[in-house]
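Okay, structure first, notes after.
The values are calculated or read from the model by the stated rules, or taken from the named source; none is laboratory data. Note that the structure is a prediction, hence the values are computed from the model and not measured. Here the Cβ positions follow ideal geometry from the backbone for every residue, glycine too, while neighbour counts run over all protein chains shown.
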Amino acid sequence: MKRPVERPDWDDLLRQIPLGLEIEEAEDGHSFVSPEEARLRSETARQALESIQGPEMPGWLEMYYRLRNSGWPWRVACYIAWAASPRKERWPHTQEELATQVLGLTTDRQIGTWRAKNPAINETITLLQAAPLFEHRADIYNALIASATNPDYKSHQDRKLALELLGDYIPRLRVDQRDIHSVEDLDDLPDEELEKLARLTRKDKDLNE
């Protein structure tokens, strides 16, 4: 029986991932912008973002601060927090708007450059999107228990899932047709299963001829 996935130490994980990132503040194709001007644009945009308070705060801002405290560059932290948030609740609505209205960039092309050079950005977004599942793990199990213990026939699948998680129920062996020529995979099958597999193989052969 597989062991449950343990809840990661998110703060420790977020501190480790940004190590070695290659982040260019200056935008591609804008060589006429001096490093000092690029820095001022970045700083002005950052201050504007961090000055948002009260009901106007986007839902992802808390995660932004968490990423910042873990050592992420502010623009990348902002993008990750935004991209990891539920699409329906995102502000701004598009990546282009995020780049021009929040990050102080002229287009969102620089975001694509960051992601191409740093796979850790997409990996972090994926991790953060899954994080709520760990936060609500107990609630999910409680909901499963409530459904699985309901004698109604509609709860049959939840009962199977619960018993499978407990190790009391093992689904019938499924044989992948891609492995039908592997003797090792077939040795343990009973004669009845082998006959079914043989009929299925003959049927597929007839269809392909």
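Okay, here's what the table says:
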{"quantity": "Of all residues making up region 50-75, the number that are over 19 Å from Ala130 (Cα atoms) and either assigned to a helix (DSSP H, G or I) or outside the structural domain of Leu127 (by TED's automatic domain parsing) (or both)", "calculated": "8"}
{"quantity": "Test: residue in region 62-81 that is at pLDDT below 95 and touching a Pro at 6+ places or on another chain (Cβ under 6 Å)", "calculated": "yes"}
{"quantity": "Residue check for Val5: assigned to a loop (DSSP other than H, G, I, E, B) and either among the aliphatic types (A, V, I, L, M) or modelled with pLDDT of 95 or more (or both)", "calculated": "yes"}
{"quantity": "Residue tally, condition more than 25 Å from Thr44 (Cα to Cα) and without any contact (Cβ under 8 Å) to a residue 40 or more places away in the chain, over region 92-125", "calculated": "3"}
{"quantity": "Residue check, Trp74 under 27 Å from Val33 (Cα atoms), free of Cβ contacts under 8 Å to residues at least 40 places away in the same chain and surrounded by 14 or more Cβ atoms within 10 Å (Cβ to Cβ)", "calculated": "yes"}
{"quantity": "Some residue of region 128-142 being at pLDDT 85 or above and surrounded by 13 or more Cβ atoms within 10 Å (Cβ to Cβ)", "calculated": "yes"}
{"quantity": "Residue match in region 31-48 (condition: of a type outside the set (Asp, Glu), surrounded by 11 or more Cβ atoms within 10 Å (Cβ to Cβ), part of a loop (DSSP other than H, G, I, E, B) and at pLDDT below 90)", "calculated": "yes"}
{"quantity": "Tally of residues being of a type in the set (Lys, Arg), over 21 Å from Asn118 (Cβ atoms) and out of contact with any Phe, Trp or Tyr (no Cβ under 7 Å at 6 or more places or on another chain) across region 43-102", "calculated": "2"}
